[in-house]
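Undergrad: Handing you this structure, nothing more for now.
The values are calculated or read from the model by the stated rules, or taken from the named source; none is laboratory data. Since we're looking at a predicted model, the values are computed, not measured. Because the Cβ atoms are built from the backbone with ideal geometry, glycine has one as well, and the counts that use them run over all protein chains shown. Side chains included, ligands, DNA and RNA excluded: accessible areas come from the protein's heavy atoms. Shrake-Rupley method; radii C 1.70, N 1.55, O 1.52, S 1.80 Å.
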Amino acid sequence: MSLLELHQISKSYGEGPTAVRALAEIDLSVDEGHLVAIMGPSGSGKSTLLTIAGSLEEPTSGEVAIDGASLRAMSRNDKARLRRRTIGYVFQDFNLLPGLTAAENVALPLELDGVSARKAHQAGLAALEQLGLADRAGRYPDQLSGGERQRVAIARSVVGERKVLLADEPSGALDSTNGEAVMRMILDACKRGVAAVVVTHDAHLASWADRVIFLRDGRAVDHVAPDLSDSSLATPRA
Amino acid sequence: MSVRHAILALLSEGPKYGLQLQKEFESSTGEVWPLNIGQVYTTLQRLERDGLVESDEAENEGTQKGFHITDAGSTELSSWLNTPPDMTSPPRDELVIKVLSALRVPGVSVHDVIQVHRRYLIELMQQWTRLKEDEADFDLTFALVVDAELFRLDSVVRWLDTADGRLKRAASEPSVASTGPRLGRRLVVRR
Ligand SMILES: Nc1ncnc2c1ncn2[C@@H]1O[C@H](COP(=O)(O)OP(=O)(O)OP(=O)(O)O)[C@@H](O)[C@H]1O
Ligand SMILES: [Mg+2]
């Protein structure tokens, strides 16, 4: 079942001759359990696509549906609930709350959603542990390295019962070992049925995806969805 | 891949038979590079000729010959391990030549050509990554070899991305768009 559906999405910023067309007629459908990567040069519209899919921004035209519900018909409150409960979002610049510890940041969406503080904290710790950050749980964001902050943001996006995970450059400040840990965490979420979209410049990350979509100047120009049973690698393992 | 030195490395652990060397070579490269037994024996013959290994006399007809490394072999192995491979001159890379050629062919979009190759490389990377997804049967040597391959392919993707961007920028800034006017300018300066 398709958890995220974008139909003919276009987005322009500004009006008249100075308008910037950030996205043009994008169709995208991501099923339960699937991981899609979006690649493309800087300015090609990747973040715009993600913010529209995450209901953080309105498209100029086109339709978005999440878990079968069209965003067009939703009130602001409905959308806020959707973002809290259904969508996990990793921003390009992480967006951690400075007054909360790593564990509190991760537990926050659960608490906002009515989970008891103790349970939320446990879930937060478990997610941090999976990314090798158990001993950083009590630190504040400004006491963490860039890569650690990024992993906290990722942990926050996967806790709870989210159905859709949207991540913008989730490996930006990570070395490749941690990048791989992050992708494994996202894949684990997919195995639990989450539909994930990852925006990335990094071909290593993209290679974890079931499908890769290439954007250029706001358009989807190509995609990769290989038949992985038909490996062409020259190795007996393949 | 230097089979010769890989075999010396395996013999540095102790004497071994040809068949054993074949098996260990394959498992020590994460079974990514198959090696046939004929190749093992030709390599051993050459190593023996060069005095880097010695064979033990087979005890009787039909038993396998064992091989051990000589002092000269150990010296050779150690110097090989510490000598960087020659990377001084750029290889004549077929993909680079294709992209450069695409610039010259009328009616061909170099960006489309770049995308064809980018897509292919990412597909290959997906296949390698699938191999390491299952951590259970993922041993250390295999992981190292898969990583090396992924980084090799990734570096090509990054070159394509950079070329794509550079060409796009050049097209939007006519002053650097083609080599034509620039060469002309240079000629004027020289005169
Ligand atoms: N709020 C805005 N107002 C005006 N233009 C915008 C706005 N946000 C984005 N844009 C423009 O839309 C285009 C797409 O931007 P977007 O952030 O989606 O790119 P991106 O693919 O995520 O790039 P990067 O890889 O650099 O993060 C760019 O030309 C950008 O300048
Ligand atoms: Mg962006």
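Undergrad: Taking 7 Å along the Cα-to-C-beta vector as the label spot, tell me the residue A:69-residue A:225 distance in nanometres, rounded to one decimal.
TA: In this crude spin-label approximation the distance works out to 2.7 nm.
Undergrad: Quick one: net charge of residue A:38's neighbours, Cβ under 10 Å, K/R +1, D/E -1?
TA: Its environment carries a net charge of +1.
Undergrad: A further question follows. Per residue, how much accessible area does segment B:94-176 have with a 1.4 Å probe, in Å²?
TA: Values: 4690 Å² over 83 residues.
Spelled out: the 1.4 Å probe surface of segment B:94-176, per residue, equals 56 Å².
Undergrad: If you restrict to DSSP beta bridges whose two residues both lie in the protein assembly as shown, what percentage is antiparallel, to the nearest 5?
TA: So the antiparallel bridges amount to about 60 percent of the total.
Undergrad: Name the residues of segment A:183-208, by number, that are at least 10 Å² less accessible with every protein chain in place than in the isolated chain; the surface is that of heavy atoms, probe 1.4 Å, without ligands or nucleic acids.
TA: The answer is A:184, A:187, A:191, A:201, A:203, A:204, A:207, A:208 - residues whose exposure falls by at least 10 Å² when every protein chain is included.
Undergrad: Output needed for chain A: three equivalent-ellipsoid semi-axes, defined as square roots of 5 times the C-alpha gyration tensor eigenvalues, in descending order, whole Å.
TA: Numbers: eigenvalues 152, 110, 60 Å².
Square roots of five times the eigenvalues give 28, 23, 17 Å.
Undergrad: Roughly what % antiparallel, to the nearest 5, for the DSSP beta bridges in chain A?
TA: 55 percent
Undergrad: Another question, if that's okay. Helix-only mean residue ellipticity at 222 nm, chain A, DSSP H runs n ≥ 4 weighted -39,500 (n - 2.57), per residue, nearest 500. What is it? Mind dumping the intermediate values first?
TA: Working: 7 runs with 76 residues, N = 238.
Result for chain A: -9500 deg cm²/dmol, rounded to the nearest 500.
Undergrad: Follow-up question, since we're still on this one. Quick one: Debye curve from the alpha-carbon atoms of the protein assembly as shown only, equal weights, vacuum; give me log10 I(q)/I(0) at q = 0.06, 0.07, 0.12 Å⁻¹ to two decimals.
TA: Log10 of I(q)/I(0), two decimals: -0.37, -0.49, -1.06.
Undergrad: What are the semi-axes of the equivalent ellipsoid for segment A:1-111, taken as the square roots of 5 times the Cα gyration tensor eigenvalues, largest first, in whole Å?
TA: 25, 18, 15
Undergrad: Additional query: Note down the magnitude of the dipole of the protein assembly as shown about its Cα centre, charges +1 on Lys and Arg C-beta and -1 on Asp and Glu C-beta and zero elsewhere, to the nearest 20 debye.
TA: Using Cβ point charges on Lys, Arg, Asp and Glu, the protein assembly as shown gives about 2260 debye.
Undergrad: Any idea of the total accessible area buried by the A-B contact, 1.4 Å probe, rounded to 100 Å²?
TA: Interface area, both chains combined: 2800 Å², rounded to the nearest 100.
Undergrad: Between residue B:148 and residue A:116, what is the label-point separation in nm under the 7 Å Cα-to-beta-carbon projection?
TA: Placing both labels 7 Å beyond Cα along the Cβ direction yields 5.4 nm.
Undergrad: Which angle from 0 to 90°, rounded to the nearest 10, does the C-alpha axis of helix B:37-49 make with the longest principal axis of chain B?
TA: Roughly 80 degrees between the two axes.
Undergrad: Hey, what angle do you get for helix B:140-172 against the long axis of chain B, alpha-carbon based, 0 to 90 degrees rounded to 10?
TA: Taking Cα atoms only, the helix is inclined about 10 degrees.
Undergrad: Helix check for chain A. Which DSSP H runs span at least 15 Å along their own axis by Cα, with a mean Kyte-Doolittle hydropathy no less than 0.5?
TA: Long hydrophobic helices here: A:102-112.
Undergrad: Let me ask something additional. Determine the per residue accessible area of segment A:85-238 with all protein chains present and a 1.4 angstrom probe, expressed in square angstrom.
TA: 43 Å²
Undergrad: On a 0 to 90 degree scale, rounded to 10, what angle separates helix B:18-28 from the longest Cα axis of chain B?
TA: Around 40 degrees separate the two axes.
Undergrad: In addition: On the Cα set of segment B:94-176, report Rg and Dmax in Å, please.
TA: 16.6, 56
Undergrad: Given R₀ = 51 Å, FRET efficiency for residue A:20-residue B:83 by Cβ-Cβ distance, to 0.05?
TA: It comes out at approximately 0.45.
Undergrad: State the dimensionless ratio Rg/Rh of segment A:32-171 (Rg: radius of gyration of Cα atoms; Rh: Kirkwood radius). Let's see the in-between values first.
TA: Values: Rg = 15.4 Å, Rh = 15.8 Å.
Reported Rg/Rh (Cα atoms, Kirkwood Rh): 0.98.
Undergrad: Here's something else I'd like to know. First compute the accessible area of segment B:15-129 with a 1.4 Å probe, then give the percent of it belonging to carbon and sulfur atoms.
TA: Working: 3950 of 7330 Å².
Taking all protein chains in place, segment B:15-129 shows 54 percent carbon and sulfur surface.
Undergrad: Further question on the same structure: Let me know the Kirkwood hydrodynamic radius for segment B:17-120, please, with Cα pairs as the basis and the value in Å to one decimal.
TA: Mean inverse Cα-Cα distance, inverted, gives 18.1 Å.
Undergrad: GNM on chain A, C-alpha springs below 10 Å: top fluctuator among A:82, A:56, A:35?
TA: Among A:82, A:56, A:35, the largest GNM mean-square fluctuation belongs to A:56.
Undergrad: Roughly how many debye, to the nearest 20, is the charge dipole of chain A about its Cα centre, given +1 on each Lys and Arg Cβ, -1 on each Asp and Glu Cβ, and no other charges?
TA: With only Lys, Arg, Asp and Glu charged at Cβ, the dipole is about 560 debye.
Undergrad: From the C-alpha gyration tensor of segment A:96-160, pull out the three semi-axes of the equivalent ellipsoid (sqrt of 5λ each), sorted largest to smallest, in whole Å.
TA: Working: eigenvalues 60, 27, 18 Å².
With the √(5λ) rule applied to segment A:96-160, the semi-axes are 17, 12, 10 Å.
Undergrad: Taking only Cα atoms and a 10 Å spring cutoff, compute GNM fluctuations for chain A and point out the largest among A:19, A:225, A:189.
TA: A:19
Undergrad: For chain B, count all C-alpha to C-alpha pairs, find those more than 32 Å apart, and express that count as a whole percent of the total. Mind dumping the intermediate values first?
TA: Working: 7923 of 18145 pairs.
Distances greater than 32 Å cover 44 percent of the Cα pairs.
Undergrad: Give me the percent of the accessible area of chain A that comes from carbon and sulfur atoms, probe 1.4 Å, all protein chains in place. Numbers along the way, then the final one.
TA: Working: 5140 of 10680 Å².
In chain A, the share of accessible area belonging to carbon and sulfur is 48 percent.
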